[in-house]
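Undergrad: I'd like to ask some things about the structure below.
The values are calculated or read from the model by the stated rules, or taken from the named source; none is laboratory data. Every value quoted in this text rests on a predicted model; they were computed, and no experiment measured them. Here the Cβ positions follow ideal geometry from the backbone for every residue, glycine too, while neighbour counts run over all protein chains shown. Only protein heavy atoms, including side chains, enter the accessible area calculation; ligands, DNA and RNA are left aside. Shrake-Rupley method; radii C 1.70, N 1.55, O 1.52, S 1.80 Å.
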Amino acid sequence: MASQWHSLISQKLFLAKTLLARLSSEHKAGAMQQTPAAEAEALTQGAVELMLRARQSLLVMIARHHQNKQEKPGSIEALEALFPYPITEVDTLRELSETTGSWWQHLAQLELAITEPNKTRKTVTAENIIAVSADQGPDKSLQALNETLVSMTRFAREIDEQHSEW
């Protein structure tokens, strides 16, 4: 049953990779001048959404590996609450969520960026130009998205292989 969840995760990540490959080919071909910015953003957000769905499925897969057939946890805390004993994967995910630059943290930042409206920024004038800190949000570059995708894929495969040995 849990391997079916791994298949679902793999499918979502493959589809995200496909969207990122399309975005990459447009960059390489120099077609971004002809491609509307909205299409590039749609490809980026589509890939991010697929990775977020894969992350949700990863939590369910871990629950299934530990014999919880009913619940579909939506967070690390919800996954942890399902079991009266410590789970190695929860510790690993918690560490990833607290590690700057990890794939989990990158996805959390991307999720926040695409689920909330843009913040209004103060207009820069001569009177208020003392110091400007531009919050650019999470890294949505093709390289960063691909790195997150590869790390997620590796993590899901390792979890599935580890539990398939039993």
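Undergrad: Go through 48-61, 145-158 and give me the packing order, highest mean Cβ count within 10 Å leading.
TA: On the way: 48-61: 21.4, 145-158: 18.1.
Per-residue mean Cβ counts within 10 Å order the peptides as 48-61, 145-158.
Undergrad: Within 14 Å, Cβ to Cβ, of residue 51, how many net charges do the neighbouring residues add up to if Lys/Arg are +1 and Asp/Glu are -1?
TA: On the way: positive: 12, 17, 53, 55, 140, 154; negative: 49, 111, 139, 147.
My count for the surroundings of residue 51 gives +2.
Undergrad: Additional query: Between residue 11 and residue 56, what is the spin-label point distance in nm, taking each point 7 Å from the Cα along the Cα→C-beta axis?
TA: Calculated label separation equals 1.5 nm.
Undergrad: Heavy-atom accessible area of residue 5 with all protein chains present, probe 1.4 Å, nearest 10 Å²?
TA: Result for residue 5: roughly 40 Å² accessible.
Undergrad: Net charge near residue 102, counting Lys/Arg +1 and Asp/Glu -1 over other residues with Cβ under 13 Å of its Cβ?
TA: Working: positive: 55, 94, 154; negative: 95, 98, 139, 147.
Net of charged neighbours comes to -1.
Undergrad: Once you've got the Cα coordinates, tell me which of 72/119; 12/119; 119/140; 12/72; 17/140 are over 26 Å apart.
TA: 72/119; 12/119
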